[in-house]
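Undergrad: First the structure, then my questions, so here it is.
The values are calculated or read from the model by the stated rules, or taken from the named source; none is laboratory data. Just so it is clear, the model here is predicted, and its values are computed rather than measured. Counting neighbours? That spans all protein chains shown, and the Cβs are built from the backbone with ideal geometry, glycine included. Remember, those area values only see protein heavy atoms, side chains included, never the ligands or the DNA or RNA. Shrake-Rupley method; radii C 1.70, N 1.55, O 1.52, S 1.80 Å.
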Amino acid sequence: MKNEKIYDGITGIREDIIERAVKYDFENAAAKNKKEKKVTHRAQWMKWVACAASICLVVGTGMFVLQNIGGKSGDGTAAEGNSGASGTVFMSYAGPILPMTSISDTTGITVERNIDFDFLPYQRVQKGEVNCYGEITSYTQFMSESIVTDQYILSNSTDKDISMTAVYGFAGSFYDKNRYIPKIKVDGESVESTLYSGRYSGSFQSVFGSRTEENDRSNLLELTQWESYEALLSDGAYLADALAEYPKVDQQVVVYRLSELAYTGTDADATNPTMNLSFYMDPEKTTIMSWGSTGGKNDPESGNYHRHYDIPTKDWEIERAEDGYLLVLGEDIRDLTMQGYKAGIYEAGKELNNVTANLERYEATLGEVLWEILIENRDKYEDGLDESEKKIICQISDEMLFGSIAELLYDYGVLSDDVAERYDFGMLEDMRNETYHMDRVMYVCFDVVVPAGGSVAVDATMSKDGSFDFYGEGVTREGYDMMTDVGSTFAFTNQSASISNTEHIRIVGQNFGFDLENGITKVELDRSVPHYYLEVEQAEEQE
Amino acid sequence: MDDKQIIELYFARDEQAIRETENQYGKFCLRIAMNILSIREDAEECVNDTYYSVWKQIPPTVPESFRAFLGRITRNLSISRFRALRAKKRYSGMEIMLSELEDCVPSAVSVEQSVEAAQLSEYISDWLDSLPDEDCALFVHRYWLGDEVQFLATKCGITAPQMAQRMYRLRKSLKAALEEKGVAL
C-alpha cells in the first residue's frame, strides 16, 4: 500500500535528523514560548476596514481531526481471560443496546421483547494486496460486527386504541464509521422517525490519566462500563434534555475578521508565514473565541494575548478557512496590532514583512457568526469523507449540529462558568470537531398506534460493532451487551434473547446462558438482571 | 559508557556490548517497538532481535549515530512483524500511523517519477530539513518513533486536537513537497 511506502521512506531518513529530533526539548520550548512578552510592531501595510454589523460569508474548510486516534481509552483493567460477573471492561466500549421506551402514557400496554444477535457478518474475509516491495501478499480481515434485531411486541389490553411516541436510544457519535442509525419497522413496515441527540455522555480526566484530579479536564473520559450508562439514563433526565430545545447563543459579540491573508515576500526563512494579532484584554471582563487561528499565547496576568493565523498557501488553502476570525464577548479588546512572522508562531526576532491582510471589525450576535463559520462551511468540511464514513453524519441536520456545538460551548467551553482546560483556548475548531466525535446517546422517535385488544410488532435493527481491547490477552475477544429496562417506562412481561449464524464464533464469556454445543440459542432473560453481556472470538477455522 | 566505547566492545566481540546497549538504549528501542506493535511481548521480542542484528552488523558497520542505527533496526523488525502477523493480531499503533500517512501519498501528477525507497527517504529528509526545528522534531517523534498524538500534545502544552491539526498540516506539507518532486508511489 502507498502509505506503507511512505512509512518505509520515513524509516530511511537521515540519521542526523533523527538524532536532532530525539534530542529536541519540547518542554523547554513550550515554557520559553509561554514566557515571551508582548511585541507590538504596527506594520506599515496594515489596512483597517471598519464595517458596521455585517454578515459575511466565510470561504474555507476545516480539517477533520481524528478524535479517535488511539481509540477510546479504558481504565486498563482489561480481560484476564475470563469475564467477571458483569463482563470484561473493554478498552474500547461500544456501549450497551438500550431498551425502547415511550414519552407518552403507556398505561394499558404490555411489552414482550426479544433481542437477536446475528453473527453472519462476523467472519474472516480473505484479502490480497501488493506490498511496498511489489510482492503479492494476502491477509485475513476479521469482521467483528453483529446485526442486532431488537424486537418488541406491544399489546393493548384496553378497549381503546392507544397512540404513543416511542423512543429508541442508541450509543454512538455523529461521526461513527461503524454504526448506522437503527432502522425502525412497525409490523414489518418502515416508519418515519425523527432523530434527537443527547449531550456528551462522558466526562474528563487529567492529562496524566487521573480520574480524581477535578481541576484538570484536559482529556476526554468516555463511558467504559454499562453501569455508567445506567447512571446516565435511569432517571430519564438525559432523554428529556435530548428532546428539549437547544440553548440560544444570542449574545452580542465584536467580530474581527481577517481576510485576504497573503505573503508577497521571498524570504527563504519564511517557512510558514503567519499573521499574528496581539492585543490587550481583561480576562475577567472579556472572553475570546477564534476560528482559523493555528495557535497563540495567553498571559492573563499582564492581559497580553496573541492569536496567529497562517497564510493560506497553495498546499493548505483547501483545508482551512480562508478568513480568520476573532470573536470578542464582553468588553472589547484594545491595543490591537498585526505583525507577520516567519515560522507559524509569534516569536520575537522572527518578524516577517510583506505579510498583508484586511482586518474588519463589526458587531453581530454570536449565533449569527457561529452559524456563518460552522454551518455554512459544513459541506466543505464533510466533503472529504467518503460515503462509508457518512453513516450517521448525513442524517444530522444543520440545526442539530449547531445546537450540539452550542451545548458543548455552554457545558464545557468558554461560555461555561467552569471551562474545561481542554477548551479554554477558545478555538471553535475544537468545538466543531469534538461535537462530531464525542460519544453521546441518540434517539430515534416515531409514532405507534396499538389497536384496542390487539398488538403491534416494533423492530429496531442495527449493525453493532463489538467492544474490544487494543492489546493484551483479551485482544481477540469482542463484547456485545444489552440492558433490560434502564430508563424504559414500558411494563415488560417477558424478555428473551437469541443468537444466530454462530458458525464463525466461539463464546468466551456471557451471562445469557447460550450453549452452542447443545443447541441452546434462545434463552429467557431474568428481568431483575439489569445487564446481559456476550463475549465472543473467532472460531477456529475448519479445514 | 558512551556510544564509541560500546561500539568498540562490539568490535572486540565482547558480549558486554549487548548489556551496555540494553542499559543505554533498551527503553528507547522498546518504546519504538511498543508504539508500532502495541503488544508488549511482541515488542520485547523485536528489541531482543535488534540486539542480535546489531551484533551481526557491527563490525563491519560503524554507525554515525548509534541511537538512530538501533532505532532503525527496531523499527524495521517491528514493521516486518506487523506485516507478517497483521491478519492475526490487532496492532493498533501501526494501523493508526498508517492511516494518518495516507494523507502524505502524492496525487497523480503530470510528470511522474517512480522512486526507490532510498530516494524517497532523501526527499523526506530534505523536506524535514526545511522545517522549523519543532515541526521536524514533531514529525520524527510521531512517524519515526511512533509517539502518540496525545503524548506529544502534553509535551508541547497544547490539546490533542491542536496537535492533531498540526500533524495534519505537516502531512499535507509533505504530500505537497513530494508532488513538487513529481513523486509517484
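Undergrad: Only residues that are within 14 Å of chain B (Cβ to nearest Cβ) and at pLDDT 90 or above: list them for the range A:275-297, please.
TA: A:290, A:291
Undergrad: When you scan the range A:457-476, do you find a residue that is within 14 Å of chain B (Cβ to nearest Cβ), out of contact with any Asp or Glu (no Cβ under 7 Å at 6 or more places or on another chain), open to solvent by 30 Å² or more (accessible area, probe 1.4 Å) and on the phi > 0 side of the Ramachandran plot, even just one?
TA: yes
Undergrad: A further question on this structure: Hey, among the residues in the range B:119-141 that are more than 7 Å from chain A (Cβ to nearest Cβ) and open to solvent by less than 30 Å² (accessible area, probe 1.4 Å), which one's farthest from residue A:217 (Cα to Cα)?
TA: My answer is B:127.
Undergrad: Return the residues of the range B:163-185 that are open to solvent by 20 Å² or more (accessible area, probe 1.4 Å), in a helix (DSSP H, G or I) and more than 7 Å from chain A (Cβ to nearest Cβ); say none if nothing qualifies.
TA: Passing the criteria: B:166, B:175, B:177, B:179, B:180.
Undergrad: Another question, then. Within the range A:389-412, work out how many residues are open to solvent by less than 20 Å² (accessible area, probe 1.4 Å), within 16 Å of residue A:289 (Cβ to Cβ) and part of a loop (DSSP other than H, G, I, E, B).
TA: 0
Undergrad: If you don't mind, there's one more thing I want to ask. Can we say residue B:38 is closer than 30 Å to residue A:539 by Cβ and out of contact with any helix residue (DSSP H, G or I) (no Cβ under 8 Å at 6 or more places or on another chain)?
TA: no
Undergrad: Enumerate the strands (runs of 3 or more DSSP E) found wholly within the range A:231-303, keeping only those where 1 or more residues are open to solvent by 20 Å² or more (accessible area, probe 1.4 Å) and either more than 19 Å from residue A:408 (Cα to Cα) or outside the structural domain of residue A:343 (by TED's automatic domain parsing) (or both).
TA: A:252-263, A:274-280, A:295-299
Undergrad: Within the range B:90-112, take every residue that is open to solvent by 70 Å² or more (accessible area, probe 1.4 Å) and more than 7 Å from chain A (Cβ to nearest Cβ) and give me the one that is modelled with the highest pLDDT.
TA: So, considering only residues that are open to solvent by 70 Å² or more (accessible area, probe 1.4 Å) and more than 7 Å from chain A (Cβ to nearest Cβ), the one modelled with the highest pLDDT is B:95.
Undergrad: Additional query: Would you mind telling me which numbered condition in (1) touching a Leu at 6+ places or on another chain (Cβ under 8 Å); (2) in contact (Cβ under 8 Å) with a residue 60 or more places away in the chain; (3) open to solvent by 10 Å² or more (accessible area, probe 1.4 Å); (4) under 20 Å from residue B:165 (Cα atoms) residue A:415 fails?
TA: With (1) touching a Leu at 6+ places or on another chain (Cβ under 8 Å); (2) in contact (Cβ under 8 Å) with a residue 60 or more places away in the chain; (3) open to solvent by 10 Å² or more (accessible area, probe 1.4 Å); (4) under 20 Å from residue B:165 (Cα atoms) applied to residue A:415, the lone miss is (4).
Undergrad: Just checking, does the range A:431-446 include any residue being at pLDDT 90 or above, farther than 30 Å from residue B:158 by Cα and open to solvent by 40 Å² or more (accessible area, probe 1.4 Å)?
TA: So far as the range A:431-446 goes, no, none of its residues is at pLDDT 90 or above, farther than 30 Å from residue B:158 by Cα and open to solvent by 40 Å² or more (accessible area, probe 1.4 Å).
Undergrad: Tell me, which residue of the range A:389-437 that is within 14 Å of chain B (Cβ to nearest Cβ) and of a type in the set (S, T, N, Q) is nearest to residue A:200 (Cα to Cα)?
TA: A:435
Undergrad: Continuing with the same structure: Any residue in the range A:317-327 that is among the acidic types (Asp, Glu) and open to solvent by 50 Å² or more (accessible area, probe 1.4 Å)?
TA: The answer is yes, given that some residue of the range A:317-327 is among the acidic types (Asp, Glu) and open to solvent by 50 Å² or more (accessible area, probe 1.4 Å).
Undergrad: Residue by residue through the range B:142-160, note down the ones that are assigned to a helix (DSSP H, G or I) and either open to solvent by 10 Å² or more (accessible area, probe 1.4 Å) or more than 7 Å from chain A (Cβ to nearest Cβ) (or both).
TA: Listed by number, the residues that qualify are B:142, B:150, B:151, B:152, B:153, B:154, B:155, B:156, B:160.
Undergrad: Tell me which residues, restricted to the range A:1-26, are hydrophobic (A, V, I, L, M, F, W, C) and within 7 Å of chain B (Cβ to nearest Cβ).
TA: A:6, A:10, A:13, A:17, A:18, A:21, A:22, A:26
Undergrad: Please verify whether the range A:468-487 includes one or more residues that are β-branched (Val, Ile, Thr), free of Cβ contacts under 8 Å to residues at least 12 places away in the same chain and touching a strand residue (DSSP E or B) at 6+ places or on another chain (Cβ under 8 Å).
TA: So far as the range A:468-487 goes, yes, one or more of its residues are β-branched (Val, Ile, Thr), free of Cβ contacts under 8 Å to residues at least 12 places away in the same chain and touching a strand residue (DSSP E or B) at 6+ places or on another chain (Cβ under 8 Å).
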